[in-house]
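None of the figures in this text is laboratory data; all of them are computed from the coordinates on show. No experiment lies behind these values; they were computed from the predicted model shown. Positions of Cβ are backbone-derived with ideal geometry, glycine not excepted, and every protein chain shown enters the neighbour counts.
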C-alpha cells in the first residue's frame with residue numbers, strides 16, 4: 001500500500017511540475033490528452049507491477065516465437 | 001524546410017560518440033565470438049558504416065527534413081504517422097533497455113543495497129533534464145563529458161598493459177558462425193541506432209560536415225570498442241570473458257594497488273545518460289510533431305516515467321535482461337527500423353525527387369517565374 005502511495009506521489013509531482021506548461025500551451029487539449037494518456041499508462045503499469053498482476057511480457061513472447069522459428073539464443 | 005541551426009558538426013560528432021558508446025563500455029558486445037571478438041568488432045563496424053551511410057544519404061537527399069517529415073513525404077500522412085509511431089516505440093525500447101542495463105549494473109557492482117528505482121531515477125532525471133533543455137544543452141553537455149569516455153578506457157587499458165603474451169587471440173576463426181552473429185549484434189546494437197539522428201541531422205550547420213563528423217565519431221567509437229574488446233581478451237581471457245557479465249569492470253578491478261573501477265561506472269553513466277537523453281528527446285519531439293503540438297517539453301517527463309515503468313515490466317530482473325541480450329530479439333526489432341524503412345525512404349525519395357525535377361523542367365519558365 002505504501003509503495004502504491006509513493007508511486008502516486010511521484011506521478012503527482014511530475015504532473016504538477018508540468019502543469020504550468022500544459023496550461024500555457026497553444027494546443028492545450030492535444031498536449032494534455034497525450035500527456036495524461038502516457039501518464040495514465042505509467043500509473044496503471046506501476047500499480048499492476050506492484051500488485052504483481054502485470055500484463056504478459058511481450059518480449060518473452062517474442063523470444064518464444066523466435067525459438068519456435070529455430071532462432072535460438074546464443075550459448 | 002529551413003530549420004534553425006542548433007548544433008555544430010563537432011557537437012554532432014561528440015553526441016554520436018556518447019550515443020554509440022551507450023552501455024558498450026561495461027557489457028561485452030561480442031561475447032559469443034570469444035577470442036575472435038576483435039574480428040566481430042571490425043566486421044560490425046564495416047556493416048555499421050554502411051548502415052550509417054544509408055541514414056546520412058536519406059537525410060541528405062531529403063534536404064533538411066527530419067525523420068517525421070521524411071516519413072510523411074515518403075509514406076503519406078497516415079502511413080507516415082504509423083511509421084513514426086513504430087519509430088517512437090523503438091526509441092522508447094532503446095531508452096528502456098539502456099536505463100535498465102544501467103540499473104542492473106549499478107545494483108550488481110556498486111550499490112547492492114540501494115533500491116533499483118532510486119538508481120534508475122537518478123539517470124532518468126539527468127537525461128530528461130538534458131532532453132527538456134533541448135539539443136543545444138545535450139550538445140554542450142556532451143562536449144564536456146564525452147571526452148572523458150576514451151580517457152577512462154585509455155587509463156584502464158594502459159594500467160593493465162604489462163604483458164607481451166598474445167596467445168589469448170589464437171587460434172583465429174576456429175568457429176565462424178558466432179563471429180558473424182556478433183558482428184551483426186554490434187552493427188545493430190551500436191551503429192544502427194544512428195537512425196535516431198535523422199531527428200538531429202537537419203539542425204546541424206552543414207551537410208558536408210555531417211558526413212565527416214559522423215565518420216569521425218564512428219572511427220573513435222571503433223577505436224574505443226576495439227581497445228575494450230582486445231584488452232578484455234588479453235587480460236581476462238576469451239573463455240572467462242564469455243561467462244562474466246561485466247568484463248570491463250572485472251578488468252578494472254585487476255589493477256594492483258588502486259581501485260579505478262568507478263571509472264568504468266562513470267563511463268556507463270555518461271554513455272547511458274547521453275543515449276537515454278537522445279532517445280527521450282526524439283520520442284517527445286516526434287510525438288509533438290505528428291500530433292501538431294508546438295511544444296515537446298511537457299512530454300519529456302511523461303516519456304521519462306514511461307521508460308522507468310516499461311523497464312520494470314519488460315526486464316523484471318537481471319536474468320531476463322541477459323536472456324534478451326543473448327537472443328535474436330534485439331536484432332529482429334532493429335532490422336525494420338534501421339535498415340528496411342531507411343532503404344524504402346531512400347528509394348521513394350529518389351523517385352519523388354526525380355518526378356519533381358521533371359515537373360519543374362516541363363513547366364514553361366514564365367509560369368515558374370509567375
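Helix A:58-68 versus the longest principal axis of chain A: what is the Cα-based angle in degrees, 0 to 90, to the nearest 10? It works out to around 20 degrees.
Annotation for the range A:1-64 versus the range B:184-209: alpha-carbon center distance of 30 Å. Rounded to the nearest 10 degrees, the inclination of helix A:28-50 to the longest alpha-carbon principal axis of chain A is 50 degrees.
Over the range B:61-116, what is the relative contact order in whole percent, taking alpha-carbon pairs under 8 Å and six or more residues apart? Walk me through the intermediate numbers first.
Working: 23 pairs, mean separation 9.7, N = 56.
Computed value for the range B:61-116: 17 percent relative contact order.
Helix B:341-362 and the longest principal axis of the Cα set of chain B meet at an angle near 20°. Binning at 10 Å from 0, report for the range B:236-357 what percent of all alpha-carbon pair distances ends up in each bin. Final binned percentages: 10, 21, 32, 21, 11, 4, 0.
For Cα pairs less than 8 Å apart in space and 6+ apart in sequence, what is the mean separation divided by the residue count of chain B, i.e. the relative contact order in percent?
With pairs under 8 Å counted, the relative contact order is 39 percent.
The spread of Cα positions in the range B:146-204, taken along each principal axis and listed from longest to shortest, comes to 48, 33, 12 Å.
Between residue B:166 and residue A:20, the modelled label-to-label distance comes to 6.0 nm, taking each label 7 Å out from Cα in the direction of the beta carbon. Highest mean packing first, where packing is the average number of other Cβ atoms within 10 Å per residue, the peptides B:208-218, A:1-11, B:124-134 line up as B:124-134, B:208-218, A:1-11.
Kirkwood hydrodynamic radius, computed over distinct alpha-carbon pairs, for the protein assembly as shown: how many Å, to one decimal?
Numbers: mean 1/r = 0.0436 Å⁻¹.
Every distinct Cα pair counted, the radius reaches 22.9 Å.
The alpha carbon centroids of the range B:296-330 and the range B:133-158 are separated by 24 Å.
Taken along its principal axes, the alpha carbon cloud of the range B:119-231 reaches lengths of 50, 30, 30 Å, longest axis first. In chain A, the alpha-carbon atoms span a convex hull of 156 Å³ per residue. For a quick check, take a GNM of chain B with Cα springs below 10 Å and name the residue from B:168, B:192, B:44 with the largest mean-square fluctuation. Residue with maximal mean-square fluctuation among B:168, B:192, B:44: B:168. Multiplying each eigenvalue of the alpha-carbon gyration tensor of the range B:65-137 by 5 and taking the square root yields semi-axes of 34, 14, 8 Å, largest first, rounded to whole angstroms.
Computed over chain B, the alpha-carbon pair-distance distribution with 10 angstrom bins reads 5, 24, 33, 23, 10, 3, 1, 0, 0, each value a whole percent. With 0.36 nm allotted per residue and the present C-alpha distance subtracted, the residue B:254-residue B:57 stretch has 66.5 nm of extension available. Coordinate range of the alpha-carbon atoms in the range B:8-126 per principal axis, descending: 51, 36, 29 Å.
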